[in-house]
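S.K.: Pasting a structure here, questions to come.
The values are calculated or read from the model by the stated rules, or taken from the named source; none is laboratory data. Just so we're clear, the structure is a prediction, and the values are computed from it rather than from any experiment. Positions of Cβ are generated from backbone atoms using ideal geometry, with glycine treated the same way; all protein chains shown enter the neighbour counts.
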Amino acid sequence: MENILAEKILDVKDIVIKFNLRGQVLTAIRGTSLDVRKGETIAIVGESGSGKSVLTKSFIGMLDKNGWVDSGSILFDGEDLAKFCGEKPWLAIRGKKISMVFQDPMTSLNPLRTVGSQIGEVYALHRGYNAKKAETAAIEMLNRVGIPDADKRHKQFPHEFSGGMRQRVVIAIAMACEPRILICDEPTTALDVTIQAQILDLIRSLQAEFGFTTIYITHDLGVVANVADRVAVMYAGKIVECGQAEEVFYDPRHPYTWALLSSLPQLGIKGKPLFSIKGTPPSLFKEIKGDAFAARNPYALKIDFVQEPPRFEVSPSHWASTWLLDPRAPKVEPPEIIKHLQESWQVQNAWLSGSKA
């Protein structure tokens, strides 16, 4: 619970992000808010297309050219990042204070340049190191992220590294300037389970060493359970529930969170089909009336189709935007499968702990 008392390092308020696509305007982020605290690990989860990557790309000025922050604020280091125009102001933020690790290391790295030169470039750009000093720093960072024989391997090209080693190189690039915030966009998606655990352990050990804040973007709730202090659940461009990891896993309140958790493969029962969320997310080209999840929500109330729910506080560190939390709403119990989650999660964590031993 100490994280809710920690200093805010990033404060996102009512942010709206739009894109112009073939003459139509798509509202990818619909007035969402999020506070990120110093030294914590927060995970943003949701289906593909929910807006997770778009939201975090706005923190480093990497929205596509047809996208823009329409309203709201992103407060960091006494500045509103939402008001930045052009590349120049972002050079003092991107890579230096806020870095990002992308999900596919092969497309993140330049195949025509050695890995050492790609790490050294960050030191030269942001710290003004000469070629020799940048090379020495790159070798040291490769050692820190667990690349063996770094003094030799820094001269190799990305195709000479395995997938897990390439991801370590990408992490080394992101960590070169010791950022205050590290954004990890599905950092283990392309890796097998054993390597996943190693990469998550590496990020955790670097966080302990450097004291940065980590923001995970993922749809893998197993990863979230293993690493996150807090969880923000995102749907159709808006965060609908946020709380400590234990609160969101053990006491979820939004029907969409129930549906996501029910979809966990480890909750499946042998001989029965896995749970899936019926229907599709709403079109973000159109104005959404009421609760965006209403059409897919078996627990939806009449008001869900008319009026968007406000935030309801569950605890000082946990809130959800659902009319089911309104005192006037009928009492609805979460699905039976959610009640078995704690036991399943404990079994999973025991397995993960064993795989690391």
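S.K.: Would you mind finding the one in TYR235, TYR250, TYR256 that is within 29 Å of GLN196 (Cα to Cα), out of contact with any strand residue (DSSP E or B) (no Cβ under 7 Å at 6 or more places or on another chain), aromatic (Phe, Trp, Tyr) and crowded, with 23+ Cβ neighbours inside 10 Å?
M.R.: Exactly one of TYR235, TYR250, TYR256 is within 29 Å of GLN196 (Cα to Cα), out of contact with any strand residue (DSSP E or B) (no Cβ under 7 Å at 6 or more places or on another chain), aromatic (Phe, Trp, Tyr) and crowded, with 23+ Cβ neighbours inside 10 Å, namely TYR235.
Quick grid of which residues meet (1) more than 26 Å from GLY290 (Cα to Cα); (2) among the acidic types (Asp, Glu); (3) at pLDDT 95 or above:
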site	(1), (2), (3)
THR32	no, no, yes
SER48	no, no, no
GLY86	yes, no, no
ALA92	yes, no, no
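S.K.: Moving to a separate point now. Please go through the stretch 120-152 and give me each residue that is among the basic types (Lys, Arg) and in a loop (DSSP other than H, G, I, E, B), ordered by number.
M.R.: Once the filter is applied, which keeps residues that are among the basic types (Lys, Arg) and in a loop (DSSP other than H, G, I, E, B), the stretch 120-152 yields nothing.
S.K.: Looking at (1) charged (D, E, K, R); (2) touching a residue at least 60 places away in the same chain (Cβ under 8 Å); (3) closer than 27 Å to VAL54 by Cα, which is the one condition that is false for ARG144?
M.R.: Exception for ARG144: condition (3).
S.K.: While we're here: Anything in the stretch 26-36 that is within 26 Å of SER205 (Cα to Cα) and surrounded by 20 or more Cβ atoms within 10 Å (Cβ to Cβ)? List them, or say none.
M.R.: Within the stretch 26-36, LEU34, VAL36 meet the criteria.
S.K.: Which one of these is exposed (fewer than 14 other Cβ atoms within 10 Å of the Cβ) and among the charged types (D, E, K, R): LYS83, LYS57, LYS96?
M.R.: One residue alone meets the criteria, LYS83.
S.K.: Scan (1) touching a residue at least 60 places away in the same chain (Cβ under 8 Å); (2) surrounded by 15 or more Cβ atoms within 10 Å (Cβ to Cβ) for the single condition LEU63 breaks and write down its number.
M.R.: With (1) touching a residue at least 60 places away in the same chain (Cβ under 8 Å); (2) surrounded by 15 or more Cβ atoms within 10 Å (Cβ to Cβ) applied to LEU63, the lone miss is (1).
S.K.: Okay, next question. For the stretch 4-25, check the following and say yes or no: at least one residue is under 23 Å from VAL224 (Cβ atoms), at pLDDT 95 or above, out of contact with any His (no Cβ under 8 Å at 6 or more places or on another chain) and surrounded by fewer than 17 Cβ atoms within 10 Å (Cβ to Cβ).
M.R.: Yes, there is a match, as at least one residue in the stretch 4-25 is under 23 Å from VAL224 (Cβ atoms), at pLDDT 95 or above, out of contact with any His (no Cβ under 8 Å at 6 or more places or on another chain) and surrounded by fewer than 17 Cβ atoms within 10 Å (Cβ to Cβ).
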